[in-house]
Amino acid sequence: MTLEAKGLHFYYNGQPVLRGLNLSLEHGEITGILGVNGAGKSTLLRCLNRILRPQKGVVMVEDRDLSKLGGEQIARLIGYVAQSQEREPLSVFDAVLLGRKPHIKWQATSHDLDVVTTVLTQMGLEPLALRQVSSLSGGEAQKVVIARALAQEPHLLLLDEPTSNLDLRNQLEVMELLMQAVRSQGLGAAVCLHDINLALRYLDRLVLMKQGQVHSLITPDELNADMIRQVYGVEAVLAEVEGHRVVIPRSATPREPARPATQVPTQEKA
Amino acid sequence: MKHHHATLPAPVAGDLGAELISRYGAGLRRRYLILVALGVVTILLALQGVAVGAYDLSPYKVLLILLGQGEGAQSVVVFNIRLPRIVAAIVTGWGLGLSGLVTQSLLRNPLASPFTLGMSHGAAFGAAFAIVFLGAGAVSTSALYSAGSGDFMFSSLYAVTLMAFAGAMAATAVIILLARMRQMSASAVILAGVAMSSLFMSGTILIQYFATEVEIATVVFWTFGDVARSNWREILLLAVATLLVSAYFLRRRWDLNALLAGEETAQALGVHVTRLRLLGMFLASLLVALATAFHGIIAFLGLLAPHISRRLVGGGHRLLVPCSGLVGAVLLLAADTVGRLVVGSGSLPVGVLTSFMGAPLFLYLLLKGRRL
């Protein structure tokens, strides 16, 4: 087990966001964190690497209590891809080299440069290495951010909506690259995703979050319409197309109180 | 600093990786050359700056005098009158260029600089306050004509400097508090800076009503910065501070680079963002306070230098820190020399010229409205 979180509580302005949440992540597996806006997904990720400090609870990574580690020590264990990304005025090479920061004392060594070139090659970014990040397309820039997290040589990757601003092709490419990195290096990984179908297709386990707690912890095969109704408030059907399970949303259930689907005459959603 | 060469083994990435590292190293060396070239330009401008004036000397003659080959009168002119002014321009330009860079990087705001954030005016107000109300001005008329007459007394030097620092810090504190409120945009923070500048300027004018004529003369010079009145003690103080602060930011260059990628990303890379920002702004305020207390408000220099430097050496702070300092020095030297040439026997305060250069850039950045 690469990460184990127990009893996480986080309050923002006195309002509970996480309420006694437990979670564990395994090596070589990607866990998806799913739920509605405001369910606490992003907060959870930030509590896992102590960008936010949970008021209660423990996070252990590789059997080390994160609350007892400094920022750089944590950065050597956990790579993080934030949701909103700045286009830094650096070359792709320098932007990825930043990922070596937790390992660098005064100056980058030849090993650091080797790690960067290796990651750039893995991600197919080598032809862009000396371009400015600001000149890249959205998909390319997102790959740079993921490459930086991989250059940290972390044990664990946390990604907040890594595909949300990408077109279809780039979504698939980014997910494939992530899968490849996680499998080949035996990393643990957690990804916040809004796209359930992307999650079903690529992820090993799903954590469905509701109101700051884990509603259910399942494999993609175990997802059913009841869970989607309870977590998302959406009537949906699950179908199998060319071997992939897909969720087809039918309608939103009324907000309060939740009622059976037959009584919901709301409009169809795409 | 050491470079990384193509000969490095790249076991995983292979030949392609080695070639990439070699090209990366070549790009880095090219930018180091720009830095060296700037250093040479600084030296040449300095020699020219010492040569220009009522007592005409050639740059070559200046070089000889500096090497100890000069005659009595010439040596006096060079060492007591011209050189302090030139060294002051270099050190002050470096300090302001560096504080400009640091405020821009730490606040992630391309419009930030000591001048646009109100730090300079805060420092000038503090200095004026010390002179008029704390009696620091009794001997500090020398601040006006220090080359010829006596020096700043030590106690008044400290009083003026400390109060200037307090003024700059007051402006900085307000800016940091405002910048912390998340919804505040880059331009809104600068508007707050404008308000602060205006407030401090009014304060400085108000103080003049309580001042003697001599004190007023001393206070007025802060409104348009000038390096003409410099003495070695002030220069030494500013130089030591600038050197230490430069070393600190060079040490922290990875943290500053990480901040370019966003606050959350920086935190995830192990940067203690709040600590870096507070300590960094504190140090920048210190440099601004010293520079302003000794040489008045030099407008826009801190805005110009980092933007020119980014064009020259890119966005990485390993090169940006020394480059912003050098560009600041070159700009101030050039402004001072041109100012002396244009107005004949007298001289145009450097602040006038830096305003002419800086204000258009500021408007351009405002129009472009891009993030750092």
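The values are calculated or read from the model by the stated rules, or taken from the named source; none is laboratory data. What you are looking at is a predicted structure, and each value in this text was computed from that prediction instead of being measured. Heads up, the Cβs are rebuilt from the backbone with ideal geometry, glycines too, and the neighbour counts pull from every protein chain shown. In case anyone asks, the SASA skips ligands and DNA or RNA and just uses the protein heavy atoms, side chains included. Shrake-Rupley method; radii C 1.70, N 1.55, O 1.52, S 1.80 Å.
Per-structure values
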{"read-out": "Inter-centroid distance (Cα atoms) of segment A:108-178 relative to segment A:1-77, Å", "value": "23 Å"}
{"read-out": "Anisotropy class of segment A:100-197 from Cα gyration tensor, a/c 1.5 cut", "value": "oblate"}
{"read-out": "Inter-centroid distance (Cα atoms) of segment A:87-104 relative to segment B:259-278, Å", "value": "13 Å"}
{"read-out": "Rounded Å value of the spacing that divides the Cα centres of segment B:310-354 and segment B:79-130", "value": "12 Å"}
{"read-out": "Burial order of peptide ranges B:330-340, A:111-121 (average beta-carbon count within 10 Å, highest first)", "value": "B:330-340, A:111-121"}
{"read-out": "Magnitude of the charge dipole, segment A:169-227, Cβ model with Lys/Arg +1 and Asp/Glu -1, debye to 20", "value": "140 debye"}
{"read-out": "Computed label-point distance, nm, for sites B:E19 and B:L206 using a 7 Å Cα→Cβ extension", "value": "6.9 nm"}
{"read-out": "Order of exposure, largest accessible area first, which applies to B:F200, B:F133 with probe 1.4 Å", "value": "B:F133, B:F200"}
{"read-out": "Computed Rg/Rh of the protein assembly as shown, alpha carbon atoms with Kirkwood Rh", "value": "1.08"}
{"read-out": "Total charge dipole magnitude, the protein assembly as shown, about the Cα centre, Cβ charges on Lys, Arg, Asp, Glu only, Debye to nearest 20", "value": "640 debye"}
{"read-out": "Cα gyration tensor shape of chain B, rounded if a/c is under 1.5, else prolate or oblate by comparing a/b with b/c", "value": "oblate"}
{"read-out": "Debye log10 I(q)/I(0) for segment B:28-109, one point scatterer per Cα, at q = 0.14, 0.21, 0.24 Å⁻¹", "value": "-0.60, -0.96, -1.10"}
{"read-out": "Cα-derived Rg to Rh of segment A:65-128, Kirkwood definition", "value": "1.00"}
{"read-out": "Rounded to the nearest 20 debye, dipole of segment A:3-223 from Cβ charges on Lys, Arg, Asp, Glu", "value": "740 debye"}
{"read-out": "CD proxy at 222 nm, helix term only [per DSSP H run n ≥ 4: -39500 (n - 2.57); per residue of chain B; nearest 500]", "value": "-24000 deg cm²/dmol"}
{"read-out": "Global form of segment B:72-138, assessed from the alpha-carbon gyration tensor, a/c cut-off 1.5", "value": "oblate"}
{"read-out": "Between helix B:317-342 and chain B: long-axis angle, C-alpha atoms, 0 to 90°, nearest 10", "value": "30 degrees"}
{"read-out": "Other protein chain Cβ atoms within 10 Å, averaged over every residue that makes up B:24-32", "value": "2"}
{"read-out": "Within 10 Å of each Cβ in A:69-81, the average number of Cβ atoms from other chains", "value": "3"}
{"read-out": "Area buried, chain B against chain A - accessible surface, total, 1.4 angstrom probe, square angstrom", "value": "3300 Å²"}
{"read-out": "Percentage, to the nearest whole number, of Cα pairs in chain A over 27 Å apart", "value": "42 percent"}
{"read-out": "Farthest positive-ward along chain B dipole, Cα basis, beta-carbon charges - from B:G118, B:I34, B:W94", "value": "B:I34"}
{"read-out": "Per-peptide average of other Cβ atoms within 10 Å, ordering A:235-246, B:256-267, B:59-70 highest first", "value": "B:256-267, B:59-70, A:235-246"}
{"read-out": "Per-residue mean of C-beta atoms belonging to partner chains within 10 Å, peptide A:98-106", "value": "4"}
{"read-out": "Kyte-Doolittle mean at least 0.0 and Cα axial length at least 15 Å: DSSP H helices in chain A", "value": "A:110-122, A:138-151"}
{"read-out": "Relative contact order [Cα under 8 Å, 6+ residues apart], segment B:85-368, whole percent", "value": "35 percent"}
